[in-house]
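First comes the structure, then the notes that go with it.
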Amino acid sequence: MSLSIILVVVFVALVVAVSLLRFFKLRRARQQQEIEALVKRCHRIDRLLNIVPDRYLPLITKTVLMEYMVSSVSLIKKHREERELVGALPHYLQSLSELKAGQQATLKDRVQTSQQLELIQNALQSLPLLLRGLVGKSVLDKATAKEQAAQIRFGYFLAHHDLLVREARLDLDIDKKARALEKLRLALAEMEKVAAYTASEPVIKRLNKAIKQVESELFGKKARVD
């Protein structure tokens, strides 16, 4: 083999080697970027799940998010050290098991303050976009995502309703009937925004009953009769 051929072969080998090194370097960089994005998304979901009580978060939505957390954290564990998320993995697994059994630990928890309401509503507002992202990753189908978005919207207004009803009860305790009535009517207006959603029917029914009772106490015979 002539020297020129040897040099060509060596040159080609070097080019191939450099190309392979560049390819693997780029692949590692992309992988790191994907893992970093996954870590950020998991922290975001974790915060959301800690903020929103089960009363305002559909069971299917929470189950899907918890399944995503379990699979994502398991993947993260293989590629990088992430103590906070990896340390919480047993909790995610237990929560997922409970959710699949239909158990919702914070189902009775309700909004207590306006600050809590703001946190919950902000979290719920971000959920539909998050679900669309999961559709793009084939974690969730479009029909389910759309259905869950409707339930999340119901939870958004239910949260405000709960705070208004709580405040109305506190007003009634100190005999501020007019102020309580105003808050009950505001709560009714909130629920009427999602009146098409079946779960709102009993809530609206209870509100109308409470409003009539307060009106009767406040106005006597002038109370509205439907």
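The values are calculated or read from the model by the stated rules, or taken from the named source; none is laboratory data. Just so we're clear, the structure is a prediction, and the values are computed from it rather than from any experiment. Heads up, the Cβs are rebuilt from the backbone with ideal geometry, glycines too, and the neighbour counts pull from every protein chain shown. Just the protein is used for accessible areas: all its heavy atoms, side chains included, with ligands, DNA and RNA removed. Shrake-Rupley method; radii C 1.70, N 1.55, O 1.52, S 1.80 Å.
Note on segment 113-129: residues that are out of contact with any helix residue (DSSP H, G or I) (no Cβ under 9 Å at 6 or more places or on another chain) and among the hydrophobic types (A, V, I, L, M, F, W, C) total 1. Hey, among LEU59, LEU65, which residue is at pLDDT 90 or above, open to solvent by 10 Å² or more (accessible area, probe 1.4 Å) and in contact with a helix residue (DSSP H, G or I) (Cβ under 7 Å, 6 or more places away or on another chain)? Every option except LEU59 fails the conditions.
Whether any residue in segment 152-167 is farther than 30 Å from ARG206 by Cβ and among the hydroxyl-bearing types (Ser, Thr, Tyr) is what I want to check.
No, because not a single residue in segment 152-167 is farther than 30 Å from ARG206 by Cβ and among the hydroxyl-bearing types (Ser, Thr, Tyr).
Within segment 127-148, the set of residues being open to solvent by 30 Å² or more (accessible area, probe 1.4 Å) and either in a loop (DSSP other than H, G, I, E, B) or closer than 20 Å to ILE51 by Cα (or both) comprises PRO128, LEU129, LYS137, SER138, VAL139, ASP141. Contact map, segment 50-77: residues that are closer than 13 Å to ALA159 by Cβ paired with residues that are surrounded by fewer than 17 Cβ atoms within 10 Å (Cβ to Cβ) and of a type in the set (Gly, Ala, Ser), Cβ distance under 7 Å, separation 6+ or inter-chain. Pairs shown: ASP54/ALA105.
VAL39 falls short on exactly one of the conditions (1) at pLDDT 75 or above; (2) surrounded by fewer than 13 Cβ atoms within 10 Å (Cβ to Cβ), and that condition is (2). A Cβ distance below 8 Å, combined with a sequence gap of six or more or placement on separate chains, defines the contacts here; from segment 93-104, residues that are over 17 Å from SER71 (Cα atoms) reach residues that are of a type outside the set (D, E, K, R) in the pairs GLY102/LEU59; GLN104/LEU59. Does any residue of segment 144-157 turn out to be at pLDDT 95 or above and hydroxyl-bearing (Ser, Thr, Tyr)? Yes, there is a match, as at least one residue in segment 144-157 is at pLDDT 95 or above and hydroxyl-bearing (Ser, Thr, Tyr). For segment 193-216, which residues satisfy the criterion of being within 23 Å of the chain's Cα centre (by Cα) and either part of a helix (DSSP H, G or I) or surrounded by fewer than 19 Cβ atoms within 10 Å (Cβ to Cβ) (or both)? Hits for segment 193-216 are LYS193, ALA195, ALA196, TYR197, THR198, ALA199, SER200, VAL203. Give the residue that is nearest to VAL214 (Cα to Cα), with candidates limited to residues of segment 150-183 that are among the small types (Gly, Ala, Ser) and open to solvent by 30 Å² or more (accessible area, probe 1.4 Å). Looking at the filtered set, the residue picked out is ALA178. Screening ASP175 with (1) within 28 Å of VAL70 (Cα to Cα); (2) modelled with pLDDT under 95 gives one miss only, at (1). Residues in segment 71-88 that are in a helix (DSSP H, G or I) and either surrounded by fewer than 16 Cβ atoms within 10 Å (Cβ to Cβ) or not aliphatic (A, V, I, L, M) (or both): SER71, SER72, SER74, LEU75, LYS77, LYS78, HIS79, ARG83, GLU84, VAL86, GLY87.
Exactly one of these conditions fails for ILE120: (1) open to solvent by 50 Å² or more (accessible area, probe 1.4 Å); (2) of a type outside the set (Lys, Arg); (3) touching a residue at least 24 places away in the same chain (Cβ under 8 Å). Give me its number. Checking ILE120 against (1) open to solvent by 50 Å² or more (accessible area, probe 1.4 Å); (2) of a type outside the set (Lys, Arg); (3) touching a residue at least 24 places away in the same chain (Cβ under 8 Å), the one that fails is (1).
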